[in-house]
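Accompanying notes for the structure given below.
Just so it is clear, none of the values below were taken in a lab; they were calculated from the coordinates. The structure displayed is predicted, hence computed values, not measured ones. For neighbour counting, all protein chains shown are included, and Cβ atoms are generated from backbone atoms with ideal geometry for every residue, glycine included.
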Amino acid sequence: MQKVAIVTGATRGLGRTIALELSKSGYDIVVNYRKEDENLFSLISEIEGNGSKAFKFQADISDFEQVKGLIDFAVKEAGLDLLVNNAGITNDKLIARMSEQDFDSVIDINLKGTFNCIRHASKAMMKQKKGKIINISSVIGLIGNAGQANYAASKAGVIGLTKSAAKELAPFGVTVNAIAPGFIRTDMTDKLSEEVKKAILSNIPMRDMGEAKDVANLVKFLAHEDSRYITGQVINVDGGMVM
Ligand code: NAP
C-alpha cells in the first residue's frame, strides 16, 4: 500500500532527489515549495512518472500558520506517514560582520522552520500512533565552521530538537532521526569558490563530494520499516569527514 511523505524544500537539490527516490519506493509525495517554477512542474511529472501521486503545497516553512496549512492539507488530502524536514538556507559571514538579520534569517528557516513542521505534524502522528520524522541537519552542526556561525547554530539546534522530539514521540510509535550530510553536490555547494571546495575536499578522507542520492538512500532506509527500532539518532553521510 502507498504511504505518504511530506518533503520540505523539495523542488531542488537534496529535497528533489529525496522526493524522487521516495516516490520510487512506495511513497506518494506532498511537495512543499516556496515559489511556483519549472522545477516544481517537472518534479511533479517525474513523481507521477514513477507511479506515485504528487500533491503540491506552497508554504514558507518559517511561517507557523503556513506550515499548519501544509500539515492540515496533507492529513486531509493524502495522509501523513513521513515528514522529511529538508528545506534550509545558508547566509555565510564571519561573526564580526554578521548582522542580526543575517543570523535570524538562517535560524528562522533552518531551526524554527523545522520546529514548525514537527510541531504541527506531531499532533497528527500522535493521534494516529505512527509516523516517522527525518530532519536534515549538517556535520557543520556538529563541528562548527568559520563563516557559518548562524548555519552551525541552526543545525546544532536541529539535533537538539531531534533528540527531544524523539523522546516525546517514541511512546506514540513515532521515530525522529537526523541526517548530517557533509559536502554534497547541490546548488548550495556549487556557489562555493574552487579554492574553498579544494580546501574542504582535502579534509574528506574519501576525497570526494557526496551526491544527493547518497543522502536519499539513508532517508529511504530511515523511512522503511526495517529502521523501526532506530530513533533519536544523528547519522552522518560525509565520506568520513567527521568521525
Ligand atoms: P538547495 O539546493 O539550496 O535547496 C534548498 C531548498 O530549500 C530549495 O528547494 C529551497 O526553495 C528550499 N527552501 C529554502 N527556504 C525555504 C523556506 N523558507 N520554505 C520552504 N522551502 C525553502 O540546498 P540543498 O543543498 O539541497 O540543501 C538541502 C538541505 O540539506 C538543507 O537543509 C541544507 O542545510 C542541508 N545540507 C546540505 C548540504 C550540502 O552539502 N548540500 C550539506 C549539509 C546539509 P527555493 O527554490 O524557493 O529557494
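Tabulated results
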item: Any hit, the stretch 79-95, residues being in contact with a His (Cβ under 9 Å, 6 or more places away or on another chain), among the hydrophobic types (A, V, I, L, M, F, W, C) and more than 20 Å from Thr17 (Cα to Cα); result: no
item: Only one of Ser138, Ser105 that is crowded, with 21+ Cβ neighbours inside 10 Å and within 14 Å of the ligand (Cβ to nearest atom); result: Ser138
item: Residue that is surrounded by fewer than 19 Cβ atoms within 10 Å (Cβ to Cβ), in contact (Cβ under 8 Å) with a residue 24 or more places away in the chain and under 15 Å from the mean Cα position of the chain (by Cα), where the choices are Arg34, Arg16; result: Arg34
item: Single unsatisfied condition, Ala121 versus (1) closer than 27 Å to Asp214 by Cβ; (2) in contact with an Asp or Glu (Cβ under 8 Å, 6 or more places away or on another chain); result: (2)
item: Residues located in the stretch 10-53, provided they are farther than 19 Å from Leu218 by Cα, part of a strand (DSSP E or B) and not hydrophobic (A, V, I, L, M, F, W, C); result: Asn32, Tyr33
item: From the options Met243, Met209, residue that is over 15 Å from the mean Cα position of the chain (by Cα) and surrounded by 16 or more Cβ atoms within 10 Å (Cβ to Cβ); result: Met209
item: Residues that are assigned to a helix (DSSP H, G or I) and within 19 Å of Gly15 (Cα to Cα), drawn from the stretch 67-98; result: Val67, Leu70, Ile71, Ala74
item: Restricting the stretch 159-194 to residues that are within 14 Å of the ligand (Cβ to nearest atom) and of a type in the set (Ser, Thr, Tyr), the residue that is surrounded by the fewest Cβ atoms within 10 Å (Cβ to Cβ); result: Thr189
item: So Lys197, is it loosely packed, with under 14 Cβ neighbours inside 10 Å and either closer than 24 Å to Gly147 by Cα or of a type in the set (Ser, Thr, Tyr) (or both); result: no
